[in-house]
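The values are calculated or read from the model by the stated rules, or taken from the named source; none is laboratory data. Because the structure is predicted, anything quoted here is derived from the model rather than measured. Cβ placement follows ideal geometry from the backbone for every residue including glycine, while neighbour counts extend to all protein chains displayed.
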Amino acid sequence: MGNTFKTAFLLTAMTLLLMFIGRAFGGHNGMILALAFAAVMNFVSYFYSDKIALAMYRAQPVTREELPRAYAAVERLTQKIGIPMPKIYVIPTESPNAFATGRNPQHASVAVTHGILGLLNDEELEGVLAHELGHVNNRDILISSVAATLAGAITMLASMGRWAMIFGGFGGRDREDRGGGGLAALFMLIVAPIAASLIQLAVSRSREYQADATGAHFTGNPYALASALQKLDAYSRRMPLQASPSTAHLFIIQPFLGISFSNLFSTHPPIAKRIERLTGRPAEFMQ
């Protein structure tokens, strides 16, 4: 129930934020337009956020014959957990990473990059897949998928607003109201992307610890997941996954966002802390 409430709260908060942005840019008409946009976004983010995330990274569905290692591990784990078999996708990149998405365990997808398959041994790969199925079982995947779609929409709106201000605004406001409206609009351009980032942070950090713990519980081997995290961290620094900030929180390892202050808006806890929680020992003793 907790995640259902959080999802409803997130959709409501985003609707109100969109209406506030609409009011700042276009007065009453802008607010009505923003409400209509929010209704469409809420519908799309609930039913199609998983497809959007998979399409964004060109993820391709794979069969059991094409990916027997992953299929065997996922099948074993889903039977143990008691959830349906998710669809499995491969992302065509050598950067090692993985994510799960979908609105519930009946409509779940797990995507792994091509790079992760070559990097991890069977036990480590099973640990990563158990982490992703932990997200599915904990019902995190709906809220994280919705947050990705809505954060993308907020960022896109802010960008549209910036161009609208350059080219003279949206219109529909009284002339004497322009000064205050311009300030409000400028304020929203700054606040909107930050609000989107903060919403992602709210749904992300504790979820990673929880999925690590759930995954380790399912495999009975926390050291395999800890070892996988260590390898993924080292290799993804050398070969980072170029990702959109709106979907960064979906991945098991924080992708590269192209900003130096990424720690400020980091959607993931530090790998060393995750390893320490899994094994009860500091990460440097993992060798």
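Here residue 37 does not fit the description of being at pLDDT 80 or above and within 21 Å of the chain's Cα centre (by Cα).
Evaluate the following for residue 7: is it at pLDDT below 80, under 20 Å from residue 103 (Cα atoms) and crowded, with 18+ Cβ neighbours inside 10 Å? Steps first, please.
Numbers: at pLDDT below 80: yes; under 20 Å from residue 103 (Cα atoms): yes; crowded, with 18+ Cβ neighbours inside 10 Å: yes.
The answer is yes for residue 7.
Taking the stretch 99-117 as the range and being under 13 Å from residue 141 (Cα atoms) and in a strand (DSSP E or B) as the test, the residues that pass are 99, 100, 101, 102, 108, 109, 110, 111.
Does any residue of the stretch 118-126 turn out to be in a strand (DSSP E or B), charged (D, E, K, R), modelled with pLDDT of 95 or more and surrounded by fewer than 20 Cβ atoms within 10 Å (Cβ to Cβ)? Spell out how you get there, then give the answer.
Within the stretch 118-126, the subset in a strand (DSSP E or B) is none.
Scanning the stretch 118-126, I find no residue that is in a strand (DSSP E or B), charged (D, E, K, R), modelled with pLDDT of 95 or more and surrounded by fewer than 20 Cβ atoms within 10 Å (Cβ to Cβ), so the answer is no.
Considered as a group, the residues in the stretch 40-94 that are of a type in the set (Phe, Trp, Tyr) and either part of a loop (DSSP other than H, G, I, E, B) or surrounded by fewer than 19 Cβ atoms within 10 Å (Cβ to Cβ) (or both) include one that is farthest from the chain's Cα centre (by Cα), and that residue is 71. Do the conditions hold for residue 131, that is, is it at pLDDT below 95, out of contact with any His (no Cβ under 7 Å at 6 or more places or on another chain), crowded, with 17+ Cβ neighbours inside 10 Å and within 19 Å of residue 75 (Cα to Cα)? Here the answer is no, as residue 131 does not meet what is asked.
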